[in-house]
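Take a look at the structure set out below.
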Amino acid sequence: MDFNLTQEQQQFAEAIRRWAEKDYGFEQRKHIISSAEGVSKKAWSELVELGATALPIPEDQGGFNGSAVDMMVVMQELGRGLIVEPYFATVLGAEFLKKSKAHFDVLEQIASGEKQLAVALSEKQSRHDLFDITTTATPHHDGFVINGTKTVVLHGAQADMLIVSARSSGNQRDKSGIHLFLVDASSDGIHRTDYRTIDGYRAADIRFDEVQVSRIYQLGNESNGWDLLDATADYGVSLLCSEAIGLMEAITAATLDYLKTRQQFGVPIGKFQVLQHRMAEMFMEMEQARSMATLAAVKVASEDTEERRRTLSAAKARIGQAAKYIGQQAVQLHGGMGVTNELPVAHMFKRLTMIELSFGDTDHHLARFVSQPDFKVSA
């Protein structure tokens, strides 16, 4: 298997990198995250113009039908540039629509940049178990009535439409009886509380009070709701793994530059052998993580469900370990400055920390990995 990027992928990555360096520098980013909106309409328009929103959308809906490997290239550059726009939330929502083969008009609007999506999947008691759902979907006339609260919905207040998980039957932690809905974020009964997270992103807690949804906005049905949710969550994991690689590359490069310029006893501290060893270990952790992120992007589309789950969990766990090590080393090597908001390294470390906690932390995915049916046999 050839793991080299194609010329088109390299050109796409270079275009996004040039844009991020020129128009989304560190000072611009600080201004965006401190604004009331927390995002930039100008930056979103530029991402649309670059073709980033059209990349994962099928050709029939005006997109480029990009694969997970194509998306890996984009997410790495967005991670490197510390981009806080609602790109991840939107393309993850689009993946739900693609897998359910529904609402092609919305996919067209995502490709053109007209619509932004968010996925409302987590609840206060669910932690990393997305099947732990108390939000209810009660049949009503030709649709459903949704009641419940979703928490930490990434870019939930900025989204035009929401992908919402709800339960129509079964117990709280059953994997049956789960529905997924496409919901207009401006619907009556939706209450959104917006706030900024530690990494500069925006999230929202969303309460649904008697929100009526037509049956045509149901994605799949209660018999395959969990399978759709599980597969799309793994796609989200692959995107986050790729973003983490871009961040680790950037934080490692920033640390190396600092060691070359910071002087002690009249020489750059990068000449001290013990610090050279730590940089070498950071580099090795990053390269191992890169291999796992690539494997995750290749295997996320596997029709073998157990293989997909095993690979994605292995990747998320390994990258989570690498992100923790590299982030902590970068902060320590920078000294006290490494935890100040004046340096990009602190923002990179915060984002790596949030990625490790998103869609299952390292411990969660290690447990998921060993729980796969063929784990004992392969071990």
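Just to verify a result, which residue in region 78-91, among those that are in a helix (DSSP H, G or I) and over 24 Å from residue 225 (Cβ atoms), is most open to solvent (accessible area, probe 1.4 Å)?
Start the filter on region 78-91 by keeping residues that are in a helix (DSSP H, G or I), which leaves 78-80, 87-91.
The next check asks that each one be over 24 Å from residue 225 (Cβ atoms); those that pass are 78-80, 87.
Working: 78: 11, 79: 1, 80: 62, 87: 5 Å².
Out of the qualifying residues, it is 80.
Within region 176-189, track down each residue that is open to solvent by 20 Å² or more (accessible area, probe 1.4 Å) and closer than 22 Å to residue 91 by Cβ.
184, 186
Results for (1) at pLDDT below 95; (2) in contact with a helix residue (DSSP H, G or I) (Cβ under 7 Å, 6 or more places away or on another chain); (3) in a loop (DSSP other than H, G, I, E, B), shown as yes or no for each residue.
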residue	(1), (2), (3)
39	no, yes, yes
49	no, no, no
64	no, no, yes
93	no, no, no
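Write out, first by first residue and then by second, each pair whose Cβ atoms fall under 7 Å of each other, whose residues are 6+ apart or on separate chains, and whose first residue, in region 15-33, is over 12 Å from residue 46 (Cα atoms) while the second is open to solvent by 20 Å² or more (accessible area, probe 1.4 Å).
Pairs found: 17/80; 26/344; 32/39; 32/40; 33/196.
If a residue must be in contact with a helix residue (DSSP H, G or I) (Cβ under 7 Å, 6 or more places away or on another chain), more than 11 Å from residue 293 (Cα to Cα) and surrounded by fewer than 24 Cβ atoms within 10 Å (Cβ to Cβ), how many such residues does region 318-331 contain?
Final tally of qualifying residues: 5.
How about region 355-379: which of its residues are among the aliphatic types (A, V, I, L, M) and within 21 Å of residue 132 (Cβ to Cβ)? Talk me through it step by step, then tell me what you get.
Looking only at region 355-379, we keep the residues that are among the aliphatic types (A, V, I, L, M), and these are 355, 357, 366-367, 370, 377, 379.
Those that are among the aliphatic types (A, V, I, L, M) and within 21 Å of residue 132 (Cβ to Cβ): 357, 366, 367, 370.
Tell me which residues, restricted to region 57-77, are within 20 Å of residue 4 (Cβ to Cβ), touching a residue at least 24 places away in the same chain (Cβ under 8 Å) and open to solvent by less than 20 Å² (accessible area, probe 1.4 Å).
68, 71, 72, 73, 74, 75, 77
Considering only residues of region 206-248 that are among the charged types (D, E, K, R) and surrounded by fewer than 20 Cβ atoms within 10 Å (Cβ to Cβ), which is nearest to residue 73 (Cα to Cα)? Write out each step before concluding.
Taking region 206-248 first, the residues among the charged types (D, E, K, R) are 207, 209-210, 215, 222, 227, 230, 234, 243.
Adding the requirement that they be surrounded by fewer than 20 Cβ atoms within 10 Å (Cβ to Cβ) leaves 207, 209-210, 215, 222, 227, 230.
Details: 207: 35, 209: 40, 210: 41, 215: 37, 222: 34, 227: 27, 230: 23 Å.
Checking each candidate, the answer is 230.
Which members of region 341-364 meet the condition of being modelled with pLDDT of 95 or more and outside any helix (DSSP H, G or I)?
Result: 358, 359, 360, 361.
The values are calculated or read from the model by the stated rules, or taken from the named source; none is laboratory data. Since this is a predicted model, take the numbers as computed values, not measurements. Neighbour counts run over all protein chains shown; Cβ positions are idealised from the backbone, glycine included. These area figures cover heavy atoms from the full protein model, side chains too; ligands, DNA and RNA do not enter into them. Shrake-Rupley method; radii C 1.70, N 1.55, O 1.52, S 1.80 Å.
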